[in-house]
Amino acid sequence: YFKTLVSYCLHHPSFAREQRKMAHEEQEDVDFQQLEVQSIIGFNGSVLGGLNIHPDKQHQIYSIGSTLVVEDLQSRKQEFLHGHHSDIACITISRSGRFIASGQITHMGFKADIIVWDFNTRTEFARFVLHKVKIQGLAFSPNDKFLVSLGGQDDGSVVVWSLDKKEAICGSPAQSKSSGNTMCLTYSNNTDYLFVTAGDNNLRVWELDVENRKIRPTDVGTGQTKRIITCISLTMDDKTLYCGTTTGDVLGINMESRLFQHIGPEKEKFSLGVTAIALLETGEFLIGAGDGTVQIMRASEQAAPGGKKALKFVKTKKQQKLESGVTSISLRGRGHEFFVATEKSQIYKFNLADFSHTLVNTCHYSAINDIAFPLLCENVDGKNRMFGTSDLFATCSYQDIRVWHTPSQKELLRITVPNMTCFAIDFLRDGSGIVSGWDDSKIRVFFPETGRLMYAINDAHKKGVTAITATSDCSRIISGGGEGHVRVWRVEERIAKSGQKTFVTELEEALKEHANAVSCIRVSKDNSQCVSASSDGSCIVWDLRSFRRKQIMFANTLFRCVCFEPEECQVITSGTDRKICYWELYDGTLIRELDGSRSGSVNGMDISLDGQYYVTAGDDKIVKVWRYAEGDVTHVGQGHSSPIMRAKICPNNRLIVTVSDDGGIFVWKFPY
């Protein structure tokens, strides 16, 4: 009976159609051309040890999502290594600089990949799959013979891999049953057959026996001292091991006797724990703390009772305090310069001599909610046409708005509003201001040169300002709120008796037809109408002269984005149903429906100024370029590892910019 049933299912017409459809979709994915990534603005600062300086002193290696970035320190040219399908959790570089290893974190129940990259060719050298869920740490042996990997909390094992044979040699549980999780790992500097692991009340020295395919641990006892070790580092002669702890002190371990030597500093411990440690050639070591402190410590031998010598840790006066907790310290060359990464995705360059520091890289450290390019609307031959530049764009996130210079990938301006989240931004068409909507129900307009507040509209909406735009004559601001209202604000500039400019804002009209949050608002070129999309499943076209509804479109979805076709006789929408819909504005009929995504909603959409192409992106983490008239996909971009929140085509059709939930900004080359 079972065989008959299986045979019937396999030969049933509906099954055959489904199989043909799946095969056709897979073939389509192969046929799509790939979008080229021009640059990435982003850095995952939450990864401990996530920033590494290459031994050639010319490149820095870090991750953003599932992408590994190799960046030239002088020219800022970036190269991208794609291979992981989930966020990268740890990175290490071999002493010779030939290999880079990266491990990822994946979903519960799945195995996490380790990829070894050939630095010279920028290609995948080997892929190791054995650990579950997360790779906690990686380390190369001094002569590039072996790679040792440490699994995360759900795996709890140590595995040694042969780089020559590209296979596992042996493995073992990382800790005893009575101790906590193992958190960090380091290899010996002089032998390929010794490495150390440490974590929650456990510290082990491992010896590798290749012939018998065994690794044998020796537990290092710390007596009454119980600590959670977060980072470890060996001296160049392998005689002393330094361990940073969550309590803010450093342990000193004698590697010859495998005994605990000293703990320090005795007073004034590092606040929020020691999170990074790096040894200098002078015998001193750099400490990075959870409160942002970067300081040099010195280990000195002092006389103890009984004629013995004891090791004592002393803080030096070289100290700096950064904005947020330190997650990585990486030396350049012998350490005359070193780079420090923080939790808020900032990278600082330090000069060891005078301990001065400069901020060399910064980016968002939380979800980016919106993106905007400066546009200018001009009347050419009786028609309103849009112009703009691709050299500048603005993004908004938790606590701040940032303006970026596209060619150099540098931040030009940061506008900070503490403890508030900016949901939407737009540039005034004359370039005089940046309009923003915030979760405290305020509309704030800032000067684009200085970031100073121009004026604010208080209590603009009840549940935060979720969408915002401005008319091309800069006389009106149109906002949408979390309660579903669309409001039109009149803005007038007046000059006071003192000669100072003041701005008067007035609520011109409140349009109350949406029943849920307004997700997107677009205005026509002649400012006569606007279209608003809402999470209640409706999309409404409003007349901005009579403030009446001109047309309404319904769909079984939560609308996320809407765009006017350049001739403004059609609009295209998308949302959580993954469909891209073309609507006729004259009568509100649905004229075309396309599958925009196979999984997850489409969150971002933008159409080119000539109307021939548009781009979509969403929860499937894929950027797609479509032809408007034909309704087909021509190019696909893959690189994001988190849901994409917004996508924009620059005004001169040179670039596509996408922003994601993990704070990454990807700049793609526009193919047309």
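Every number in this text was worked out from the coordinates using simple rules, so none of it is lab data. Since the structure is predicted, the reported quantities are computational estimates derived from the model, not experimental observations. A quick note on method: Cβ atoms are made from the backbone with ideal geometry, for glycine too, and the neighbour counts reach across all protein chains shown.
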**Message:** Given the options TRP206, ASN143, SER524, identify the residue whose Cα lies farthest towards the positive end of the charge dipole of the chain (+1 on Cβ of Lys, Arg; -1 on Cβ of Asp, Glu).
**Reply:** TRP206
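Could you give the length gained on full extension between GLU207 and ASP154, defined as 0.36 nm per residue of separation minus the Cα-Cα distance, in nm? Mind showing how you got there, number by number?
Numbers: separation 53, 0.36 × 53 = 19.08 nm, distance 2.41 nm.
Full-extension gain reported as 16.7 nm.
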**Request:** Take ASN120, project a point 7 Å from its Cα along the Cβ direction, then tell me which residues of the range 92-111 have their backbone nitrogen under 13 Å from it.
**Result:** 96-99
**Asked** Relative to the first principal axis of the alpha-carbon coordinates of the chain, what is the inclination of helix 2-11, with its axis defined by its Cα atoms, in degrees from 0 to 90 and to the nearest 10?
**Response** 50 degrees
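Arranged from highest to lowest average of other beta-carbon atoms within 10 Å per residue, in what order do the peptides 48-55, 120-127, 262-269 appear?
Numbers: 48-55: 20.1, 120-127: 12.4, 262-269: 14.1.
Going by the mean number of other Cβ atoms within 10 Å, highest first, we get 48-55, 262-269, 120-127.
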**Asked** Spin-label point model (7 Å from Cα, Cβ direction): what's the THR191 to PHE110 distance in nm?
**Response** 4.0 nm
**Request:** Take every Cα-Cα distance within the range 500-589, group them into 10 Å bins from 0 onward, and report for each bin the whole-number percent of pairs it holds.
**Result:** 16, 50, 24, 8, 2, 0
**Inter-site label distance for ASP164 and GLU492 at 7 Å from Cα along Cβ, in nm** = 8.5 nm
**Fill in**
Between PHE547 and SER408, the FRET efficiency computed from the C-beta separation at R0 = 41 Å comes out, to the nearest 0.05, as 0.40
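Nothing charged except the Cβ atoms of Lys and Arg (+1) and of Asp and Glu (-1): what's the magnitude of the dipole of the chain about its Cα centre? Round to the nearest 20 debye.
On the way: 76 positive and 79 negative charges, 317 e Å.
So the dipole magnitude of the chain works out to roughly 1520 debye.
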**Item:** Cα lying deepest toward the dipole's positive end in the range 211-337, options LEU280, GLN224, THR293, charges on Cβ
**Value:** GLN224
**Request:** Apply 1/(1 + (r/R0)^6) to the Cβ-Cβ distance of GLN319 and ASP610, taking R0 = 60 Å, and write down the FRET efficiency to the nearest 0.05.
**Result:** 0.60
**Item:** For the range 426-669, alpha-carbon Rg and Dmax in angstrom
**Value:** 18.0, 61
**Request:** Using the structure shown, select from LYS77/LYS349; LYS442/LYS624; LYS349/LYS621 the pairs with a Cα to Cα distance greater than 24 angstrom.
**Result:** LYS442/LYS624; LYS349/LYS621
**Request:** Please state the charge dipole magnitude for the range 543-619, taken about the Cα centre, from unit charges on C-beta atoms (+1 on K and R, -1 on D and E), reported in debye and rounded to the nearest 20.
**Result:** 320 debye
**Message:** I need the Debye-formula profile for the chain: one equal scatterer per C-alpha, no solvent, reported as log10 I(q)/I(0) at q = 0.06, 0.07, 0.08, 0.09 1/Å, two decimals.
**Reply:** -0.42, -0.56, -0.71, -0.85
**Message:** I'd like to know which of PRO566, PHE339, GLY480 lies farthest towards the positive end of the charge dipole of the chain, counting +1 on Cβ of Lys and Arg and -1 on Cβ of Asp and Glu.
**Reply:** PHE339
**Prompt:** Sorted by average packing, counted as other Cβ atoms within 10 angstrom per residue and highest first, what order do 577-584, 420-427 take?
**Reply:** 420-427, 577-584
**Efficiency of FRET between ARG627 and THR282 - r from beta-carbon atoms, R0 51 angstrom, step 0.05** = 0.25
**Request:** Tell me the label-point distance for the pair ALA510, GLN58, using the 7 Å Cα-to-Cβ offset, in nm and rounded to one decimal.
**Result:** 6.3 nm
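For ALA353 and ARG258, compute 0.36 nm times the residue count separating them, minus their Cα-Cα distance, and round to one decimal in nm. Walk me through the numbers before you get to the answer.
Details: separation 95, 0.36 × 95 = 34.20 nm, distance 3.43 nm.
Roughly 30.8 nm would be gained on extension.
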**Request:** Could you run the Debye sum over the Cα atoms of the range 407-492, one equal point scatterer each and no solvent, and tell me log10 of I(q)/I(0) at q = 0.13, 0.19 Å⁻¹, two decimals?
**Result:** -0.39, -0.81
**Between 0 and 90°, nearest 10: helix 13-31 axis offset from the chain longest Cα axis** = 80 degrees
